[in-house]
Each structure stands twice: as C-alpha cells, then as structure tokens.
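The values are calculated or read from the model by the stated rules, or taken from the named source; none is laboratory data. Keep in mind the model is a prediction, meaning the values are calculated, not measured. Because the Cβ atoms are built from the backbone with ideal geometry, glycine has one as well, and the counts that use them run over all protein chains shown.
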C-alpha cells in the first residue's frame with residue numbers, strides 16, 4: 001500500500017526532467033488558483049436557495065460575501081498571471097511547491113490514513129462511539145506499524161473506556177450510540193461500565 | 001493610596017483557604033480544558049457556571065477567573081506539542097512553538113510560553129487593579145466602527161505572516177472569510193451558501209475548521225513521515241529554557257504585553273487579534289523576523305504574552321462598564337447577574353472589597369499559573385513519549401469528539417473531516433492554512449461590525465474615517481500593511497534596476 005519515499009518538490013521534478021517548462025508537474029499548481037477564480041465567479045449566483053431573494057434593505061446579506069469573493073477573484077487572477085509568467089522560464093519558481101522538509105513522504109500511507117479517518121467518521125453514527133473508536137484505534141495502530149497485539153488490544157479497549165468515561169460520563173456529551181442493534185450494544189456497554 | 005489599601009484587603013480575602021483553593025481548582029480546570037482541542041476554556045466556563053450557584057458571588061468570580069486565566073494559556077500546550085491550537089488565540093503558538101517541538105525542544109517551548117503568558121497576565125492584572133477607571137472611560141468611546149477597525153487590524157496582521165507570498169496569503173484569508181459567511185447572516189437573517197443542507201444554515205464553526213485543518217493533516221503527516229516527536233536529550237537532560245533565554249526575549253514579552261493590554265480592553269477584540277497582531281509586529285521588529293515560523297523564541301514569546309495580557313484588560317470594560325468584551329467575560333457577567341451583582345461604576349462604590357478581591361485573585365492566578373502550567377505541560381510532555389501510532393490515533397479521536405462537542409452534531413464531524421482532507425492537501429502543495437483559519441475566526445466578526453456600522457450611519461462608509469479612534473486604527477492597519485510589504489517592494493525595485 002505504501003508508496004516509496006519521494007524527495008522531490010514539484011519544481012525540482014520539472015527541473016530534473018530538463019528543459020520543458022510546460023511539464024505536467026509545473027502546470028498542475030496553476031489549477032488551484034484557476035479553481036478558486038472559477039469558484040469566486042460562480043458562487044455569487046448560488047449564494048441563496050432558488051426560492052429566496054436577497055433582502056434589498058441597506059447593503060443586503062450578499063454585500064459582504066460578494067466583496068470577499070471579488071477580492072478572492074482579483075488575487076487569484078494575480079496569482080494565475082504570475083504563474084503564467086513563471087511558466088515562460090524554467091528557472092523561475094511557481095507560487096505553490098511542496099514543503100522542502102518532506103524528504104521521505106509515504107503518500108500511500110497518507111492516503112490510507114485519510115481513508116481510515118473518513119471511514120471512522122462515517123461509521124461513528126452507525127456503529128456508535130464505543131465500537132467505532134475501539135476499532136479505529138486498533139486498526140490505526142496496526143497500520144502505523146505497531147504490530148504487538150498485546151499492546152494494541154489493551155490500548156484500544158482501555159483508551160475507549162477512558163474516553164467514554166470522560167466525555168459521556170463526566171462531560172455528559174451525547175456521543176453517537178449507533179443505530180439498530182449497535183444502539184442496544186452501546187447501551188449495554190454504557191451500563192456495564194457504570195456510565196448509565 | 002486607597003487603591004493600595006483596597007488591593008491589600010483583596011489579597012487577604014483571596015488568600016483565605018477556600019478562596020485560594022477555588023482559584024487553584026479553577027486554574028487547573030482552565031489549563032486542562034484549554035489544552036484539549038475542541039473542549040476550550042469557554043466551554044469549561046459554561047459547564048462550570050451551574051457549580052457557581054452554590055458559591056458566594058466573590059468565590060464564583062474567583063473560580064471563573066481562574067478558569068479564564070488558565071484556559072487562555074492552556075490552549076498553547078496542545079498548539080506547541082501537537083500543532084493543534086486548543087483555543088483560537090493559541091494559533092500563533094503553532095507557528096514557532098511547534099517547529100521547536102519538531103526539533104525536540106518541546107520543554108523549552110513550553111517554558112518560554114508559560115513564562116511569557118504569566119508575565120503578560122500579571123502585568124494585565126496590575127493594569128486592571130490600578131488603571132481601570134481611565135481605561136474604562138476610553139473604552140466607552142468605542143462603538144461598532146471602532147470594533148470593525150480593530151478586527152480589520154487583526155485581519156491586516158496576516159500580511160506579516162505572508163512569508164514573501166502576499167498574494168497567496170490574501171487568497172487564503174479571503175477564502176477563510178468566505179467560509180465564515182456560510183449560514184444565516186448576522187443582520188438580515190437570510191441563509192447563504194447553504195445549498196439546501198439544513199445544517200449549513202447554522203454556519204461553519206471556526207473550532208471545527210481549526211481542528212480539521214490542523215489536527216487531521218498533522219496526524220496523517222505523522223503517519224506518512226514516521227516523525228518522532230519525543231523530546232530530545234542533550235547530556236542526559238531534556239532541552240529546556242534557562243533564565244538567560246527568558247531574559248533574551250524580554251523585549252518581545254514587553255511588546256506583547258503592552259499590545260495585549262491595549263487590545264484586550266477593546267470590547268469584542270479579545271485574545272485572538274491580540275496574539276496575531278503581536279506576532280506580526282514582533283516579526284517586523286525582531287532581528288530574526290525573517291526566520292519566524294521556524295521555531296524562533298521571540299515569535300513564541302510575543303503572542304503568548306499578548307494573549308494572556310488580554311485577560312485582565314478584558315475585565316476592565318466588564319467590571320467598570322458592565323460590557324463583556326468576549327464570550328468568557330460574558331459568562332462571568334452571567335455569573336455576577338445570577339448572584340444579583342450588577343457590574344458597573346457603582347460596583348466600585350457599593351462593594352469595593354469584592355472588586356479588589358477579584359483583582360487580587362487575577363494577580364495570584366497568574367503567578368500560580370507558572371506552577372500549574374509547568375505541571376500540566378509536564379504531564380502533556382510525558383504523553384509525547386507515547387509511540388506516534390498510539391498518539392496519532394488518540395489525537396484523531398479527540399479531534400472528532402471535539403468537533404462533535406461544538407454543537408453535539410455529527411454534521412460538524414463531517415465538516416471537520418472535510419477540512420482535514422483539505423488541510424492535508426493544502427499542506428502538500430504549500431498553500432498556507434493559517435490565514436484561512438484567521439479569516440474564518442475574524443471574518444464573521446468583521447462582517448457584523450461592518451454591517452451594523454453601515455446601518456447606523458445610514459450606509460455612509462465615511463463613518464470609518466470620520467471617527468478619530470476608528471480612523472487612527474485603520475491608519476495603523478495601513479501603516480502595518482506597508483511596513484510588512486516593504487521588503488517585498490524593495491526587492492521588486494532592486495530586480496527592476
């Protein structure tokens with residue numbers, strides 16, 4: 001899953017490839033200001049729901065966001081103009097580039113980590129806080145290289161119980177209990193741990 | 001002389017056993033709550049409010065005051081150790097504090113932070129005790145245009161952290177302000193950018209954005225780089241800050257404290273603009289300004305001093321005018337009202353003992369904060385010895401709980417995760433996240449003050465320039481922008497030649 005370490009910034013990559021100033025690695029960063037410019041142009045028309053019209057009293061509710069979007073469009077345009085000027089010469093640096101410090105970055109691990117976090121958020125209302133958290137902690141530890149199950153399982157179970165105590169017991173936070181059978185399971189767990 | 005006598009009697013009352021214990025407990029609650037991302041000391045103060053029912057009015061203020069002082073500092077612990085600001089005002093602590101942690105100097109960063117915070121808070125408490133009256137009459141001159149100007153100054157200070165990239169910084173800031181406009185607008189009650197999603201109508205909370213952008217991206221990077229955050233040791237001792245190190249940043253602490261005191265007494269401004277402006281000014285003043293953002297002592301000390309210096313100053317308008325300048329002081333006002341105490345000029349005449357006991361308690365709380373802060377920071381620092389795999393898992397769970405806890409709503413968790421992915425992507429391509437967060441925090445305030453100022457002035461925009469204080473602050477903001485951009489302009493002119 002994990003990809004090999006990468007130690008090149010987008011600028012360095014294009015420079016390493018030689019003289020082509022219009023390589024994909026150099027053109028890609030321009031998509032960011034272009035997308036922002038497009039968003040700034042499109043969003044004002046979609047500010048209110050179709051059945052609503054903006055109040056006409058005073059400046060109205062659209063004035064402030066409109067002004068900010070116009071500002072964003074202006075600065076995005078400046079950004080694009082600068083980067084287009086940069087593309088003319090391979091020695092010039094684009095506005096966006098990867099941080100220099102990242103010499104050994106495993107993108108595969110990062111993407112799988114993000115996927116795991118998103119799955120945790122998605123499963124939270126389905127499985128409930130207790131089950132989803134215990135599973136998440138265990139899987140995260142395993143994927144991060146902690147393979148000793150005698151450490152992973154207690155950390156996951158004791159950690160989840162401590163968090164349930166702190167947030168559901170002490171702070172009375174109504175964290176999700178899950179749906180259907182998982183709701184009953186969560187209630188049983190909360191009773192078993194003395195929180196309910 | 002009367003002020004000294006009254007303060008003396010205030011100290012006697014504050015040093016009584018139960019009063020003193022109340023300050024200590026409040027302080028510890030504040031430091032821990034501030035250090036937990038998403039919980040925040042304001043939430044802790046709100047949760048503590050019912051407990052004050054059974055207390056005497058003075059005791060309740062000591063308790064809440066302790067949480068306030070401790071909480072404002074506590075936010076920096078998580079900012080320095082895991083790059084997640086516990087409170088918005090701790091945002092600048094991530095810029096120079098976290099790089100120090102990455103170098104294995106967490107203990108040193110925490111020592112500088114707690115010393116600067118305590119100094120700022122202490123001076124601010126003394127200001128509160130001796131200069132309340134003249135400051136109160138000055139604060140009374142502030143209205144919506146002045147609040148807007150102060151918030152604008154806070155937004156303008158973002159240019160100082162631009163790191164030679166003012167255009168991209170402006171895009172990030174404006175994007176943040178636009179995100180802050182999602183939901184029902186403050187004056188007309190119409191929902192914007194809700195796209196038919198009912199949850200979007202109540203807006204996107206800055207805490208959720210902050211947790212997502214900073215915590216999730218950082219933990220994913222921790223996983224992808226196998227970075228070790230454990231404190232490094234030299235000659236068997238963890239790298240700490242000596243008294244000489246603190247003396248070296250005395251100028252930064254003094255400037256931060258002065259700014260914090262001034263900004264803190266402006267109702268509505270609060271600790272966040274105070275800390276950000278102090279960082280921006282320090283970046284310009286310091287000889288090492290160009291290296292700010294890489295773990296420079298002055299870059300940490302100045303905003304830390306400023307944010308705690310706002311605590312005492314923010315209580316000036318509360319106690320002298322009955323105007324709460326922030327969410328925290330609003331809860332304190334509520335506690336006073338619950339006990340039948342009405343803050344204002346009459347309070348100084350009717351119950352001076354209570355007022356001066358609060359002043360004394362603020363001074364005591366700031367001195368005690370050094371010990372409480374170091375103790376709690378030590379505890380959190382020990383947590384850093386945990387293997388990164390376990391640490392990362394718990395940061396994510398705490399972040400998700402923190403996002404959920406803002407409104408007890410699963411939608412906020414989804415928003416937090418979306419910003420987590422966005423934050424990670426922004427970091428990967430070098431798009432600055434700090435201006436975006438600042439825009440989400442200060443944008444809604446700026447909009448509210450701007451629209452109400454315009455409505456009060458019958459849509460005459462010159463109101464911001466015809467009022468002397470507002471015009472002065474806006475002038476300062478302009479000078480600050482030009483001052484920050486001067487090196488860029490100079491380098492452009494040199495290139496042209």
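When you check residue B:349 against the structure, is it away from chain A (no Cβ under 14 Å), under 30 Å from residue B:145 (Cα atoms) and in a helix (DSSP H, G or I), yes or no?
Details: away from chain A (no Cβ under 14 Å): yes; under 30 Å from residue B:145 (Cα atoms): no; in a helix (DSSP H, G or I): yes.
Considered against the rule, which asks whether it is away from chain A (no Cβ under 14 Å), under 30 Å from residue B:145 (Cα atoms) and in a helix (DSSP H, G or I), residue B:349 comes out as no.
State which residue is nearest to residue B:170 (Cα to Cα) when the search covers only the stretch A:74-86 and only residues that are more than 9 Å from chain B (Cβ to nearest Cβ) and buried (at least 16 other Cβ atoms within 10 Å of the Cβ). So the residue we want is A:77.
Determine if the stretch B:31-49 includes at least one residue that is under 29 Å from residue A:170 (Cα atoms), surrounded by 17 or more Cβ atoms within 10 Å (Cβ to Cβ), at pLDDT 85 or above and under 28 Å from the mean Cα position of the chain (by Cα). Within the stretch B:31-49 (the criterion being under 29 Å from residue A:170 (Cα atoms), surrounded by 17 or more Cβ atoms within 10 Å (Cβ to Cβ), at pLDDT 85 or above and under 28 Å from the mean Cα position of the chain (by Cα)), the answer is yes, since at least one residue qualifies. Of the residues making up the stretch B:324-333, one or more are free of Cβ contacts under 8 Å to residues at least 40 places away in the same chain, over 25 Å from residue B:114 (Cβ atoms) and part of a helix (DSSP H, G or I).
When residue A:40 is tested against (1) facing chain B (nearest Cβ under 7 Å); (2) buried (at least 19 other Cβ atoms within 10 Å of the Cβ); (3) at pLDDT 90 or above, exactly one condition is not met: (1).
Here B:189, B:196, B:176, B:183 are screened, and the one residue that is within 14 Å of another protein chain (Cβ to nearest Cβ), over 29 Å from residue B:3 (Cβ atoms), at pLDDT 90 or above and surrounded by fewer than 24 Cβ atoms within 10 Å (Cβ to Cβ) is B:183. Scanning the stretch A:117-138 for residues that are surrounded by fewer than 20 Cβ atoms within 10 Å (Cβ to Cβ) and facing chain B (nearest Cβ under 9 Å) yields A:118, A:122, A:125. Exactly one residue out of B:438, B:368 is within 30 Å of residue B:159 (Cα to Cα) and not in a loop (DSSP other than H, G, I, E, B): that is B:438.
The test for being within 14 Å of another protein chain (Cβ to nearest Cβ) and farther than 17 Å from residue B:168 by Cα does not hold for residue B:488.
With respect to (1) modelled with pLDDT of 80 or more; (2) surrounded by fewer than 24 Cβ atoms within 10 Å (Cβ to Cβ); (3) under 23 Å from the mean Cα position of the chain (by Cα); (4) closer than 22 Å to residue A:159 by Cβ, the lone exception for residue B:387 is condition (3). The condition of being within 7 Å of another protein chain (Cβ to nearest Cβ), at pLDDT below 85 and under 27 Å from residue A:36 (Cβ atoms) does not hold for residue B:420. Consider the stretch A:51-73 and keep the residues that are more than 7 Å from every other protein chain (Cβ to nearest Cβ) and assigned to a helix (DSSP H, G or I). The one that is nearest to the chain's Cα centre (by Cα) is A:73.
Helices (runs of 4 or more DSSP H) wholly in the stretch B:238-323 with at least 1 residues that are surrounded by fewer than 24 Cβ atoms within 10 Å (Cβ to Cβ) and at pLDDT below 80 - which ones? It comes to B:243-248, B:297-321.
Condition check ((1) assigned to a helix (DSSP H, G or I); (2) surrounded by 12 or more Cβ atoms within 10 Å (Cβ to Cβ); (3) without any contact (Cβ under 8 Å) to a residue 40 or more places away in the chain) across all residues:
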site: A:150; (1), (2), (3): yes, no, yes
site: A:154; (1), (2), (3): yes, no, yes
site: A:168; (1), (2), (3): yes, yes, yes
site: A:176; (1), (2), (3): no, yes, no
site: A:185; (1), (2), (3): yes, yes, no
site: A:190; (1), (2), (3): yes, yes, no
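Being at pLDDT 75 or above, more than 10 Å from every other protein chain (Cβ to nearest Cβ), crowded, with 16+ Cβ neighbours inside 10 Å and more than 30 Å from residue A:141 (Cβ to Cβ) is a property that does not hold for residue B:211.
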